[in-house]
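Input: a single structure, listed below in C-alpha cells.
The values are calculated or read from the model by the stated rules, or taken from the named source; none is laboratory data. Every value quoted in this text rests on a predicted model; they were computed, and no experiment measured them. Virtual Cβ from ideal backbone geometry, glycine too; neighbours counted across all protein chains shown. Just the protein is used for accessible areas: all its heavy atoms, side chains included, with ligands, DNA and RNA removed. Shrake-Rupley method; radii C 1.70, N 1.55, O 1.52, S 1.80 Å.
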Amino acid sequence: MSRLPAVLRCSLLVVALLAFSACSMLRAPTTRVKPTPASQTTKGGGYYKDDGPGDEIPANLDAIPNAVPRVEPLHKGASRPYTVLGKSYVPQTKIQTFRQEGLASWYGKKFHGQKTSIGETYDMFAMTAAHTTLALPSYARVSNPKNGRSIVVRVNDRGPFHAGRVIDLSYTAAYKLGFIESGSGPVVVESIVPGTPLFAALAAKPATVAAPSPSPAPAPTPIHIPVPASAPASPEPDSQALDALALSFSADDSPDTETQTSVTSESASGFFLQLGAFSQPENAENLKERLLRELDWLSDPVFIQSDGNFYRLQTGPYASRETALEIAERIRATFGQSPTLVIR
C-alpha cells in the first residue's frame with residue numbers, strides 16, 4: 001500500500017507529459033525558422049567571425065521580390081574619392097555602363113540595423129548590396145554563372161574591403177543566388193542604367209529577372225573605374241618618407257595642397273595606423289563603425305583626425321614600430337590589405 005502513491009504520481013506525470021506534447025503539436029507554425037546548421041558553421045569566407053544569419057530568419061525569403069529600378073538622386077558624399085587600408089577608390093559620379101566578374105560575399109546580423117554609407121538602415125533581408133565604386137544609390141543585376149540564377153539589387157552601401165571580393169550582398173540576395181552556405185560565390189555584376197531597355201524591362205516587370213544568355217560573340221570589354229596604385233612600402237622608411245605617405249590620402253589630393261594635420265589629444269605622438277581617409281566626415285564615421293564591427297578584437301582607440309579638409313581614420317598610438325606592424329599584420333590577415341604606418 002505504501003507504494004501506491006508513488007505509482008499514482010508517476011502515472012499522473014506521464015499523463016501530463018502526453019497532454020503537453022499534444023498541445024504543442026496543435027500550435028500554429030511560426031513564421032520564422034532557425035537557420036540550418038550548415039549556415040551557422042560556414043567557414044572560408046562565408047561571413048566574418050560572429051557575423052552570420054542570426055538566430056531567426058524569415059520563412060518566406062523566396063517571396064521577397066527583386067529591387068525595382070528607379071531614378072534616384074545620387075548621394076554627393078558617397079561620390080567622392082576615398083582611401084581604405086592604403087587602397088584608393090574613385091566612385092562613379094553618374095550611373096553608367098559597368099560590368100564586373102568576381103567573387104561575391106554576404107553580410108548579415110553584425111550589420112543589420114546599422115547605417116549604410118548613404119545613411120540608410122541596412123536590412124539583411126532586403127534586396128540590397130554594397131560596392132566600392134558603383135554610384136550610390138543605383139541598381140545592379142547580379143548573376144551566378146554556376147546555376148544561372150539572377151537577381152536585381154539596390155546598391156546603397158560601400159564595401160566589401162576584403163581583397164578578392166567585388167560585391168557584398170544582403171542575406172536574402174545571397175540566398176537567392178544560392179551561396180548562403182558556401183558563404184561566397186562567383187558572380188557577374190552589371191549596372192542597370194536609366195533609359196536603357198534593360199532598365200525599362202526590369203522596372204516594368206520586377207518579378208522576373210532572366211540571367212544573361214551566353215553568346216558566342218566575345219563579351220564587351222568591362223568598364224572599370226581606374227584605381228590609383230598604392231605607394232610601394234619600404235622595408236625601413238625614414239620619418240620623412242612616412243610623413244609623405246600620411247599625406248597621400250585620396251585620389252584627388254596632392255601633397256602640395258595638403259596642410260599638416262593638427263595634433264589632437266587622441267594622436268599626440270608615436271606610431272599610428274591609418275585605416276582610411278575621406279573628404280566627408282560622415283563617410284569616415286561610417287567606415288569607423290564598419291571596421292569596429294569587423295575588428296572587434298582591436299582594443300586600441302580608433303578615432304577620426306581632421307584638419308578641416310580631410311578626415312583620417314586612425315588607430316594608436318603604439319609605443320614602437322614593431323607593435324604597430326604586428327597590429328597591421330592582423331588587420332591585413334582580415335582584409336587582405338594593410339593600413340598605412342604613420343609616425344608623429
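Name the single residue, out of those in segment 143-168 being among the aliphatic types (A, V, I, L, M) and either free of Cβ contacts under 8 Å to residues at least 40 places away in the same chain or in contact with a Leu (Cβ under 7 Å, 6 or more places away or on another chain) (or both), that is most open to solvent (accessible area, probe 1.4 Å). Only one residue tops the list, namely VAL166. The number of residues in segment 52-82 that are open to solvent by 40 Å² or more (accessible area, probe 1.4 Å) and under 27 Å from LEU291 (Cα atoms) comes to 6. Only one of the listed residues (LEU325, LEU292, LEU298, LEU287) is open to solvent by less than 50 Å² (accessible area, probe 1.4 Å) and outside any loop (DSSP other than H, G, I, E, B). That residue is LEU287. When GLY185, GLY148, GLY178 are checked against the criterion of being in contact with a helix residue (DSSP H, G or I) (Cβ under 8 Å, 6 or more places away or on another chain) and either aromatic (Phe, Trp, Tyr) or more than 20 Å from TYR89 (Cβ to Cβ) (or both), a single residue qualifies: GLY185.
The set of residues in segment 83-125 being part of a loop (DSSP other than H, G, I, E, B), of a type in the set (A, V, I, L, M, F, W, C) and either touching a strand residue (DSSP E or B) at 6+ places or on another chain (Cβ under 7 Å) or open to solvent by less than 30 Å² (accessible area, probe 1.4 Å) (or both) consists of LEU85, ILE95, PHE98, PHE111, ILE118, MET124, PHE125. Do we have GLU282 as modelled with pLDDT of 90 or more, of a type outside the set (Gly, Ala, Ser) and open to solvent by 20 Å² or more (accessible area, probe 1.4 Å) here? Answer is no for this residue. One residue alone among ALA140, ALA135 is at pLDDT 95 or above, aliphatic (A, V, I, L, M) and assigned to a loop (DSSP other than H, G, I, E, B), and that residue is ALA135.
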